[in-house]
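Would you mind keeping the following structure in view while I ask a few things?
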Amino acid sequence: MASKNQNGKMPNEHLHELFVDELRDILGGERQLLKGLKKMANAAKSESLKTAFETHYSETEEHINRLKQVMESLGLAARGKKCKAMEGLLAEADEIIESFEGDESLDAALIAAAQKVEHYEIASYGCLVTYAKLMEHTDAKEILGTTLNEEKETDAKLTDIALSEANVAA
């Protein structure tokens, strides 16, 4: 998966531990997100927003599978760690559901919470793709790049729903 230079070392080997830590963090985060997406889908009023959350749930399952694939290809156990950032973002989403339940701005608030999650994921996968590129983990770069693109597409879809429905209704 990675080439070694003349010294028998992987290029930019100093990034390896950081790369592994970030892989474990986002794997834990993606697993935590599955529960959050179910809650957000159940709370959403609009069918298009419910569908967007349900679709992203399926994509998140695939993101988890891809992360496992990357980790296994590097000889790592597919083990995640508790992602404190995701925990905080999902706690905020729970507060939003409680605070805005029955309010006509609930869907707009849910989209705001979900986009914060998406932006965190975009930042995480963006860093992972960069690290993989620098260490010449070509397959990992491609796999993680696919997920990064899907996260960006989800963010754009949420923006479309916000502009066409949720923010207008609120």
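The values are calculated or read from the model by the stated rules, or taken from the named source; none is laboratory data. What you are looking at is a predicted structure, and each value in this text was computed from that prediction instead of being measured. Note that each Cβ is placed from the backbone with ideal geometry, even for glycine, and that neighbours are counted across all protein chains shown.
Quick check: anything in the range 90-109 of a type in the set (S, T, N, Q), surrounded by fewer than 18 Cβ atoms within 10 Å (Cβ to Cβ) and in a loop (DSSP other than H, G, I, E, B)? Give the derivation first.
Taking the range 90-109 and keeping what is of a type in the set (S, T, N, Q), we get 99, 105.
Cutting the leftovers down to surrounded by fewer than 18 Cβ atoms within 10 Å (Cβ to Cβ) gives us 99, 105.
Within this subset, residues satisfying the condition of being in a loop (DSSP other than H, G, I, E, B) are 105.
Looking for residues that are of a type in the set (S, T, N, Q), surrounded by fewer than 18 Cβ atoms within 10 Å (Cβ to Cβ) and in a loop (DSSP other than H, G, I, E, B), one finds at least one in the range 90-109, hence yes.
Now for a different question. For GLU136, state whether it is closer than 18 Å to HIS16 by Cβ and either in contact (Cβ under 8 Å) with a residue 24 or more places away in the chain or out of contact with any His (no Cβ under 9 Å at 6 or more places or on another chain) (or both). Write out each step before concluding.
Working: closer than 18 Å to HIS16 by Cβ: yes; either in contact (Cβ under 8 Å) with a residue 24 or more places away in the chain or out of contact with any His (no Cβ under 9 Å at 6 or more places or on another chain) (or both): yes.
Considered against the rule, which asks whether it is closer than 18 Å to HIS16 by Cβ and either in contact (Cβ under 8 Å) with a residue 24 or more places away in the chain or out of contact with any His (no Cβ under 9 Å at 6 or more places or on another chain) (or both), GLU136 comes out as yes.
Taking into account only those residues within the range 74-88 that are in a loop (DSSP other than H, G, I, E, B) and of a type in the set (Lys, Arg), which is farthest from the chain's Cα centre (by Cα)?
ARG79
Out of the residues in the range 140-170 meeting the condition of being in a helix (DSSP H, G or I) and small (Gly, Ala, Ser), tell me which one is surrounded by the most Cβ atoms within 10 Å (Cβ to Cβ).
Per the stated criteria, the residue is ALA140.
A further question follows. Any residue at all in the range 107-125 that is under 16 Å from GLU150 (Cβ atoms) and over 13 Å from the mean Cα position of the chain (by Cα)?
no
If a residue must be of a type outside the set (A, V, I, L, M) and without any contact (Cβ under 8 Å) to a residue 40 or more places away in the chain, how many such residues does the range 63-88 contain? First the steps, then the outcome.
Here is the first cut: in the range 63-88, the ones of a type outside the set (A, V, I, L, M) are 63, 65-66, 68-69, 72-73, 75, 79-84, 87-88.
Imposing the further condition that a residue be without any contact (Cβ under 8 Å) to a residue 40 or more places away in the chain reduces the set to 65, 72, 75, 84, 88.
Here the count works out to 5.
Still on this structure: List pairs: first in the range 89-105 and more than 15 Å from LYS35 (Cα to Cα), second surrounded by 15 or more Cβ atoms within 10 Å (Cβ to Cβ) and of a type in the set (Lys, Arg), Cβ under 9 Å, 6+ apart or cross-chain?
Every condition considered, the pairs that remain are GLU104/LYS45.
Select, from LYS68, LYS45, LYS39, the only residue that is over 16 Å from the mean Cα position of the chain (by Cα), basic (Lys, Arg) and in a helix (DSSP H, G or I). Steps first, please.
Working: LYS68 fails: over 16 Å from the mean Cα position of the chain (by Cα); LYS45 fails: in a helix (DSSP H, G or I).
Only one candidate qualifies: LYS39.
Would you check if there is a residue in the range 103-121 being out of contact with any Leu (no Cβ under 8 Å at 6 or more places or on another chain), at pLDDT 95 or above, within 30 Å of ILE143 (Cβ to Cβ) and among the hydroxyl-bearing types (Ser, Thr, Tyr)?
Looking through the range 103-121, none of the residues is out of contact with any Leu (no Cβ under 8 Å at 6 or more places or on another chain), at pLDDT 95 or above, within 30 Å of ILE143 (Cβ to Cβ) and among the hydroxyl-bearing types (Ser, Thr, Tyr).
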